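Q: The following block contains the structure, expressed as C-alpha cells.
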There are 2 protein chains.
Amino acid sequence: MQSMQYELLDKINYPQDIRSLSIPQLNKLASEICHFITYSVSKSGGHLASNLGALELTIAMHYVFDFTKDKLVWDVGHQCYTHKILTGRKDKFEKLRQKDGISGFPSPAESEYDQFSVGHAGTSIPTALGLALACQQQKNNDKIVAFVGDASIVNGANFEALNNLGLVKRQMLVVLNDNSMAIDVSQGAIARFLSKVRLSHKYEDLRNTTNRILDHFPVVGKKVEGALESFKQTLRMAITPSRLFESLNIPYFGPVDGHDIASLIQLFTAMSHLNRPAVLHVYTKKGKGFTPADDNPTKFHSTGPFKINGEIEIPSSCGKSFTSIFSDVIVKLAKDDERVIAITAAMPDGTGLMKFRRQFESRYYDVGIAESVAVDIAAGQAKMGLKPFVCIYSTFLQRSYDQIFQEVSLQNLPVIFCIDRAGLVGADGPTHHGLMDIGFLRMMPNMILLAPANGIELEAALKFANNSKNPVAIRYPKEDVQDDILPDVFSKPYELGKSLTLKSGSGNIVILAYGSIVFEALKAAEVLKADNIDVTVINARFAKPLDDNILSMLNADNSIITVEDHYTACGFGAAVLEAAAKAGTNTKNIRILGVPDDYINVDSREHQIKAVGIDAETIIKTVKDLQK
Amino acid sequence: MQSMQYELLDKINYPQDIRSLSIPQLNKLASEICHFITYSVSKSGGHLASNLGALELTIAMHYVFDFTKDKLVWDVGHQCYTHKILTGRKDKFEKLRQKDGISGFPSPAESEYDQFSVGHAGTSIPTALGLALACQQQKNNDKIVAFVGDASIVNGANFEALNNLGLVKRQMLVVLNDNSMAIDVSQGAIARFLSKVRLSHKYEDLRNTTNRILDHFPVVGKKVEGALESFKQTLRMAITPSRLFESLNIPYFGPVDGHDIASLIQLFTAMSHLNRPAVLHVYTKKGKGFTPADDNPTKFHSTGPFKINGEIEIPSSCGKSFTSIFSDVIVKLAKDDERVIAITAAMPDGTGLMKFRRQFESRYYDVGIAESVAVDIAAGQAKMGLKPFVCIYSTFLQRSYDQIFQEVSLQNLPVIFCIDRAGLVGADGPTHHGLMDIGFLRMMPNMILLAPANGIELEAALKFANNSKNPVAIRYPKEDVQDDILPDVFSKPYELGKSLTLKSGSGNIVILAYGSIVFEALKAAEVLKADNIDVTVINARFAKPLDDNILSMLNADNSIITVEDHYTACGFGAAVLEAAAKAGTNTKNIRILGVPDDYINVDSREHQIKAVGIDAETIIKTVKDLQK
C-alpha cells in the first residue's frame, strides 16, 4: 500500500498523543482517519460504513478514558478500526485481515487495549458486566465501557445482561451507538421504535439534550440518586427510548450527536464519574464521510477491495459462489412449493436471501441478530406443515444450539438448516470459522447432515431437504463452486445416506471427503495416478446417516483417508471411526484429515486449507505414508 | 396408588367435559384437582407448587379454547399437570415420571393436546410465534396461546421473540403467569420490578382491572386499534409492568387474579377475539391450596415422594450426592481463595450453591434463567483474575454454547464449569439428559474436560480446576457418590491428563471408563474375575487432554472397551478413537459403550443405564464377545 501523508495522524500512535490536541485539531484528525480507513479498506476489504460511523465516538472515548487500565468492550467489534489506529496498530493496516497482519476484529493477542476477541453480537454488555462485577469485588476503580450498536442490543444475551445490570453498584457505561441500521435494515420492535424516534428528532433536539444532561449531571461527590431524579424532572422532551431502559431500571441519557467530538468529550467526562451503570444513547450515521458508503451502507458493511475515486467497483469473483447458487435454488423451490419459508438472523445478503425477499416477501422473515428465535420460529412453522429454511452462518448457528436440540431434533420437525460459511472462512478469522457444526449437530437424534460438494449438489441437496420428514442440516463453505469437473457424475440425485463414488481406483486406498474439499482429493488422485497410485475418491454427501457402503469398505482390507473442512474432533472422520468401532471392523488404516485443535488465524481461505493440512498436497503425503 | 373418589373429577376426561359445568362446579373441580395433584406428587415426586398455582388458569383456558385445533404452548412445561389431567391422561398419574407412564413435561407423543416436548425455559413465545406465523401464512384461524412464567420471560430467547412479535398480524395470546417466584427467588430487574408491583396491588385492584378490561374490550367486529386506544385511556391505574411491553409495542392487559375462574373465562373469551398479539398478566400464588408448598415453594418446586398429611417428609437419599459434595467443597475453596466466585442461572439449590450463598453472599451471583449471560459474566471476571465457578446443568449449558466458544475458549480464560446432571437423569426425561457436553466442549481449543468418578475425585477435580490456567469443565451425574470403594486409590491427586488405574489385570482387555460409570466397570471386573478373565480397569479422569498412557495401550495388543454416560457420538470413546487414528495405531478392538443415537424416555437413572447398555452386564457381555 502506497504510504499517504497526514498532518496530524502521522504523529498519532497512542491515545496519549490525542489528549494534547485542541477540538479543531481532533476534528481534523477525525477527517484524516476517515480518509485513512477508507483508503485502507479500499485496498484490503473490511467493514467500512460502521467504522466511519463510530469514528468520532472512538476518539472521544480514548480522549476521556485511559484504556490501559479502563476497559473498553466492543460488541461484534467490526467497528474497532479507529480504536486500532489509536492504539499502536496504524502501521499494520497495510495488512488488515491478512496473514501476519491485524484482524478486522478486536484481538487481545494484538494489543492490551483489546479485552476480548469478538465477532459475534450480544457479548459486550454481558462481558462488561463480568468485568464490572470483578472490579466491584476487587474494589478497583477501573472504568468499564461497553460499546454496542442498535442491531446488537436486541440480541437476547445483551437483554439478559441488561436485566442483570442491577448487580453492578459502581460505574459501568453502555454506549448505544444507534445508526438505525443493522447489517441490513434492523428488524423487531426495538429497531422500529429507535428508527421512529430518530426520525422525530431534529439536530436542535440533540444539542438541547446534550446541554441538559451536562447541566444536570452529578458532579463528583454529589449524591447520584438525587441528581438522577433532578435529571429526570428537567429532561422532559420525548426521550422515549428510555422506556425500555427504565423498565429495566437502568438510567438512560440521550439521544445525543455521535459526531460532535467536543460534546462527546464533555459527556464521557461527566458520565465517567457516575457510580452506577448507565446508558448513553448516541446517534451516528453509518458510513459518515464517504459518500458511497453513506448512500449504500448495506453494501459497504463488509467489502472486498474497491476503488476509492470515481465509480465504485466491488470486484465480483469470477465464478459463482455456494451462496449465489443457494440464492437461485431457494427461489426455484419456493415457486414450486408454497410451503417454503426462509428465515434469517440479520444476514439476508450474506446468506443469499435478497432475491427470495424480493419475490416472496410474505414468506421471508428476518428476526434481527437473534439466532435463537429464528430456529424456534422455524420449529413452530414446521409443526404446522410449512418448510422453513433457516439461513445462518455456521459460527452463528452456535447461538441456537439448544433450540436445535429441543425444539427441532427432539420433536423431529423437518426444519432445514442452510449453513453458509461452514469450514474455514479466510479473512474474518477465528471468531467466524464454522468448524464445529458437524460435531454439534450429529450428536442430535433425528438429524440428517449433508455437505454438497458443488453447486450441482447444493441444488440436489436442497431439493432432498425440502422433501425430508426429518430435520436436515446442509453445510457449505464461503467459496466458489466447481461445477465444471465431472458434472455428469455429480448430477446423480440425492438418496438418503448414499455417497457418490467419483473415481474408482484399482488400489486399496480410499479417500473419503465430505463437502467441497473433495476437489482437493480429486486433485491429489490426479497427481498420485502419475505416480501409479490409483486411489478411489468418494464424495460422502452425508455425515449422518453414513453410507453402509462406506462401512463395507471398512470391512475390506482398505486404507481410508477422510478429509473434511471441520475440526478433526467430532467431525465426519470421527463419525467414520465410530461406525467402524460399532461394526467391529478393522479400522487400522484410517487417517483423519481435518482442522487441528487450535484457533486458525486470519489468512486467505486457500492458505488456511493448506496450513491446516486438508489440501491435495497433504492428502498425497498421507497416501504415500500409508503405502510405506 | 390407591384410587381416590372425586365427585366431579371422576367424570372429567377431556376438555369438553368441563364446558357444561357451572362456575361453582368448576371451582369444586379445581379443589378436587388440587387434591389429586398433591396426592399424585406425594406418591411419584414431581413439580407441585407450580402446578397448583396454574390450576385455575388451566381450567379456564381449556374452557374457552379448543386445543384440538387451537394451540397451547408451555414454557418449561413443569406446570402442565392440570392440562394433562384434563386431556385424557388422568389415569396415568399413577405412573407420573415413571417408565411406561407419563412425562412430567408436555409430550406430543402422549397427546395431540401437547405441541412441543419441553423442559427448558424461554421457548414458549418463540415457538408460539412460529405457530402464529404459520397460521398467518396458511390463513387459518386457530388460536395460539403461549403460557409463560415470570421466571422464564426474562430469558433472552423469549425477549428475542417479544421483540419480533410485530411479525404477527393476527391473534396470539401470551399469558404471563406471575407468581413472583422463580425456581428460587427470581433475579434481575424485571423480576424485582414485578415483585414490587405485585406488592403494591390489593385484591381490589385486580378486580377493578379485570372489570375495566372487560368493559373496554373490543367486541368481535369492532375495530381493535380504537378499542385498544380507549382501553389505554381509561385504564389509568398503575399498571407499570406494561412499560416493558409497551416499549416493545405489545398490548398489555392486567394484572388480574389468576385464581378467579369466572373472570378468567370472561377474559380469555374476550381476548380470544383480539386480532393481534397481546399479553395478559396474571397473578398466581405458587403452591396455592397445599399449605407446605405454599410456605416453602422452593423446596416443593420438584420433589421426590412425600407424606401428604401431618409432617412433611422429603426422603433424603441415604448417601451423599455429587451435588452435596460439590456444595461442601466450593465453600472450602472459597474460604482459602478469595478469588473464588460462584454463578448460577436460577438453580442455586439444584446445583448445590445454597451454602455458598449464605457464607459468601457478595461472591455469589444468580442471573435468573439466563445461562448465556452467566457464562459471559464469568468470562469477564476471569479476565480480571477471579476464579468463577459456573454451575449449570449439562442440558441447560447448551444455552451457553456460543458464549463458551467465543468468550471462554477462544480467549482461553480460566472459567470453571461445574456441570451437574451430566449423563442420564432419570425421571425428568429426554429434555433433561446431559448427553452432549463431552462432544460439544471437547471440540473447543483450550478446554480441559474432567469427569470425577466419586466424591473424593470431585473434590480433587475442583481443586485442580481452581489452579488451572485454562477453562475446565467438570461433569458429574445426578446420583450418590461411592466413596467407600478403593478410597486410597481414588485419593491420588489430579494431574493434567493423567488417568488412574483402578485395577491391573493380567489379560489384554482394558476397560476405560469416564466418570462415575467406572463403578459399573469395577463390578464387571469382579464378575469376570470369577470367570478367570482378568481385565484392567482405568478411570480416565480426563476426556481432554487424553492420557498418553491410554495411547500407549492402544499401541499394544490390547482390546479396549470405553464406557461413558454420554452419546457414543463425539464422546469420550470417540476421542480415544480419534487419538488412535492420529497415532496410526491398531484400533481394531476398540468398543465404545455409550448412549445410542436416540432420545431416552422417563425411567429411573438406574434402569436407563441398563437400557442403553452402559452397565456392568453389558460390559461383561462385550468383554466376552471380544474373547471369542
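Q: Determine whether the range A:465-474 contains at least one residue that is in the same structural domain as A:Pro348 (by TED's automatic domain parsing), over 23 Å from A:Gln398 (Cα atoms), crowded, with 22+ Cβ neighbours inside 10 Å and polar (S, T, N, Q).
A: no
Q: Output yes when any residue across the range B:322-331 is modelled with pLDDT under 95 and part of a helix (DSSP H, G or I), and no when none is. Break it down stepwise before answering.
A: Going residue by residue through the range B:322-331, those that are modelled with pLDDT under 95 are none.
Checked the range B:322-331: no residue is modelled with pLDDT under 95 and part of a helix (DSSP H, G or I).
Q: Right, something else. Test of understanding: among B:Thr269, B:Thr291, which residue is surrounded by fewer than 20 Cβ atoms within 10 Å (Cβ to Cβ), at pLDDT below 80 and not assigned by TED's automatic domain parsing to the domain that holds B:Asn454?
A: On the way: B:Thr269 fails: at pLDDT below 80.
Among B:Thr269, B:Thr291, only B:Thr291 is surrounded by fewer than 20 Cβ atoms within 10 Å (Cβ to Cβ), at pLDDT below 80 and not assigned by TED's automatic domain parsing to the domain that holds B:Asn454.
Q: For the range A:390-398, check the following and say yes or no: at least one residue is hydrophobic (A, V, I, L, M, F, W, C), crowded, with 24+ Cβ neighbours inside 10 Å and closer than 23 Å to B:Ile144 by Cα.
A: The answer is yes; a qualifying residue exists.
Q: Okay, next question. Mind listing whichever residues of the range A:376-417 are more than 7 Å from chain B (Cβ to nearest Cβ) and either without any contact (Cβ under 8 Å) to a residue 12 or more places away in the chain or of a type in the set (D, E, K, R) (or both)?
A: Result: A:Lys387, single match.
Q: Show the residue pairs meeting these rules: Cβ distance below 8 Å; 6+ apart or different chains; first residue within the range B:86-101 and acidic (Asp, Glu); second residue buried (at least 19 other Cβ atoms within 10 Å of the Cβ).
A: What qualifies is B:Glu94/B:Ser40; B:Glu94/B:Ser44; B:Glu94/B:Gly101.
Q: Give the range A:363-375 a look and list any residue that's among the aromatic types (Phe, Trp, Tyr) and within 8 Å of another protein chain (Cβ to nearest Cβ), or say none. Full working, then the answer.
A: We begin by selecting, within the range A:363-375, every residue among the aromatic types (Phe, Trp, Tyr); these are A:364-365.
Within the range A:363-375, A:Tyr365 is the sole residue that qualifies.
Q: Condition check: surrounded by 24 or more Cβ atoms within 10 Å (Cβ to Cβ) and of a type in the set (Ser, Thr, Tyr). Does A:Thr87 satisfy that? Explain how you work it out, then say what you get.
A: On the way: surrounded by 24 or more Cβ atoms within 10 Å (Cβ to Cβ): no; of a type in the set (Ser, Thr, Tyr): yes.
Criteria not met by A:Thr87.
Q: Give the residue, chosen from A:Glu32, A:Glu56, A:Glu94, that is modelled with pLDDT under 95 and acidic (Asp, Glu).
A: On the way: A:Glu32 fails: modelled with pLDDT under 95; A:Glu56 fails: modelled with pLDDT under 95.
Checking each option against the conditions leaves just A:Glu94.
Q: In the range A:576-628, what residues are facing chain B (nearest Cβ under 8 Å) and under 16 Å from A:His432 (Cβ atoms)?
A: Scanning the range A:576-628 gives A:Asp598, A:Tyr599.
Q: In the list B:Leu441, B:Leu449, which residue meets the criterion of being assigned to a strand (DSSP E or B), of a type outside the set (D, E, K, R) and within 14 Å of chain A (Cβ to nearest Cβ)?
A: Criteria check complete, one pass: B:Leu449.
Q: Further question on the same structure: Please enumerate the residues belonging to the range A:612-628 that are surrounded by fewer than 19 Cβ atoms within 10 Å (Cβ to Cβ) and either out of contact with any Lys or Arg (no Cβ under 9 Å at 6 or more places or on another chain) or of a type in the set (Phe, Trp, Tyr) (or both).
A: A:Lys621, A:Lys624, A:Gln627, A:Lys628
Q: Evaluate the following for A:Ile485: is it in contact with a helix residue (DSSP H, G or I) (Cβ under 9 Å, 6 or more places away or on another chain) and crowded, with 20+ Cβ neighbours inside 10 Å? Walk me through how you get there before you give the answer.
A: Numbers: in contact with a helix residue (DSSP H, G or I) (Cβ under 9 Å, 6 or more places away or on another chain): yes; crowded, with 20+ Cβ neighbours inside 10 Å: no.
No, not satisfied.
Q: A further question on this structure: Suppose we keep only residues that are more than 18 Å from B:Arg591 (Cβ to Cβ) and more than 31 Å from the chain's Cα centre (by Cα) within the range B:535-561. Which one would you say is surrounded by the most Cβ atoms within 10 Å (Cβ to Cβ)?
A: B:Asp547
Q: Moving to a separate point now. So, in the range B:366-389, of the ones that are at pLDDT 95 or above, assigned to a strand (DSSP E or B) and not hydrophobic (A, V, I, L, M, F, W, C), which residue ends up surrounded by the most Cβ atoms within 10 Å (Cβ to Cβ)?
A: B:Pro388
Q: Still on this structure, please answer the following. Within the range B:131-142, can one find any residue that is under 25 Å from the mean Cα position of the chain (by Cα) and either modelled with pLDDT of 95 or more or surrounded by fewer than 22 Cβ atoms within 10 Å (Cβ to Cβ) (or both)? Don't jump to the end; show me each part of the working.
A: Of the range B:131-142, the ones under 25 Å from the mean Cα position of the chain (by Cα) are B:131.
Applying the additional criterion that residues be either modelled with pLDDT of 95 or more or surrounded by fewer than 22 Cβ atoms within 10 Å (Cβ to Cβ) (or both) yields B:131.
Yes, the range B:131-142 has at least one match.
Q: Output the number of residues of the range B:345-362 satisfying the condition of being crowded, with 22+ Cβ neighbours inside 10 Å and either part of a strand (DSSP E or B) or within 11 Å of chain A (Cβ to nearest Cβ) (or both).
A: Qualifying residue count, the range B:345-362: 1.
Q: Sticking with this one: Give the number of residues within the range B:408-431 that are assigned to a helix (DSSP H, G or I) and either under 18 Å from B:Leu449 (Cβ atoms) or out of contact with any helix residue (DSSP H, G or I) (no Cβ under 6 Å at 6 or more places or on another chain) (or both). Give the derivation first.
A: First pass over the range B:408-431, keeping only residues assigned to a helix (DSSP H, G or I): B:408-409, B:426-428.
In the following step, the residues that additionally are either under 18 Å from B:Leu449 (Cβ atoms) or out of contact with any helix residue (DSSP H, G or I) (no Cβ under 6 Å at 6 or more places or on another chain) (or both) were identified as B:408-409, B:427-428.
Of the residues in the range B:408-431, 4 are assigned to a helix (DSSP H, G or I) and either under 18 Å from B:Leu449 (Cβ atoms) or out of contact with any helix residue (DSSP H, G or I) (no Cβ under 6 Å at 6 or more places or on another chain) (or both).
Q: Please verify whether A:Ala530 is of a type in the set (A, V, I, L, M, F, W, C) and more than 25 Å from A:Phe464 (Cβ to Cβ), treating the condition exactly as stated.
A: Values: of a type in the set (A, V, I, L, M, F, W, C): yes; more than 25 Å from A:Phe464 (Cβ to Cβ): yes.
For A:Ala530, the condition - of a type in the set (A, V, I, L, M, F, W, C) and more than 25 Å from A:Phe464 (Cβ to Cβ) - is met.
Q: Do you know which of the residues in the range B:108-138 that are within 26 Å of B:Met347 (Cβ to Cβ) and touching a residue at least 60 places away in the same chain (Cβ under 8 Å) is farthest from the other protein chains (Cβ to nearest Cβ)?
A: As a first pass, look at the range B:108-138 and keep what is within 26 Å of B:Met347 (Cβ to Cβ): B:114-128.
Narrowing further to those that are touching a residue at least 60 places away in the same chain (Cβ under 8 Å): B:117-122.
On the way: B:Ser117: 5, B:Val118: 7, B:Gly119: 7, B:His120: 5, B:Ala121: 10, B:Gly122: 8 Å.
Top of the filtered list is B:Ala121.
Q: While we're on this one: Tell me, which residue of the range A:139-153 that is in contact with a Phe, Trp or Tyr (Cβ under 9 Å, 6 or more places away or on another chain) and under 15 Å from B:Val373 (Cβ atoms) is farthest from the other protein chains (Cβ to nearest Cβ)? Can you show your working first?
A: Initially, the range A:139-153 is screened for residues in contact with a Phe, Trp or Tyr (Cβ under 9 Å, 6 or more places away or on another chain), giving A:143, A:145-148, A:153.
Still in the list and also under 15 Å from B:Val373 (Cβ atoms): A:146, A:148, A:153.
Values: A:Ala146: 10, A:Val148: 13, A:Ile153: 10 Å.
Only one residue tops the list, namely A:Val148.
Q: Here are some residues: A:Leu72, A:Leu48. Which one is within 24 Å of A:Asp257 (Cβ to Cβ) and over 19 Å from the mean Cα position of the chain (by Cα)? Lay out the reasoning, then the answer.
A: Values: A:Leu48 fails: over 19 Å from the mean Cα position of the chain (by Cα).
Matching residue, one of A:Leu72, A:Leu48: A:Leu72.
Q: Working carefully through the options A:Leu486, A:Leu512, find the one that is closer than 17 Å to A:Ile620 by Cα and among the hydrophobic types (A, V, I, L, M, F, W, C). Talk me through it step by step, then tell me what you get.
A: Working: A:Leu486 fails: closer than 17 Å to A:Ile620 by Cα.
Going through A:Leu486, A:Leu512 in turn, just one is closer than 17 Å to A:Ile620 by Cα and among the hydrophobic types (A, V, I, L, M, F, W, C): A:Leu512.
Q: When you scan the range B:58-79, do you find a residue that is surrounded by fewer than 24 Cβ atoms within 10 Å (Cβ to Cβ), within 12 Å of chain A (Cβ to nearest Cβ) and more than 25 Å from B:Gln398 (Cβ to Cβ), even just one?
A: yes
Q: Out of all the residues in the range B:589-624, which are without any contact (Cβ under 8 Å) to a residue 40 or more places away in the chain and part of a loop (DSSP other than H, G, I, E, B)?
A: Of everything in the range B:589-624, those that are without any contact (Cβ under 8 Å) to a residue 40 or more places away in the chain and part of a loop (DSSP other than H, G, I, E, B) turn out to be B:Asn589, B:Pro596, B:Asp597, B:Asp598, B:Gly613.
Q: Take the conditions buried (at least 22 other Cβ atoms within 10 Å of the Cβ) and within 20 Å of the chain's Cα centre (by Cα) and apply them to A:Gln171. Does it pass? Step through it out loud before you land on a result.
A: On the way: buried (at least 22 other Cβ atoms within 10 Å of the Cβ): yes; within 20 Å of the chain's Cα centre (by Cα): no.
The answer is no for A:Gln171.
The values are calculated or read from the model by the stated rules, or taken from the named source; none is laboratory data. It should be emphasised that the depicted structure is a prediction, and the values quoted were computed from it without experimental measurement. Methodologically, a virtual Cβ is constructed for each residue, glycine included, from the backbone with ideal geometry; neighbour enumeration extends over all protein chains shown.
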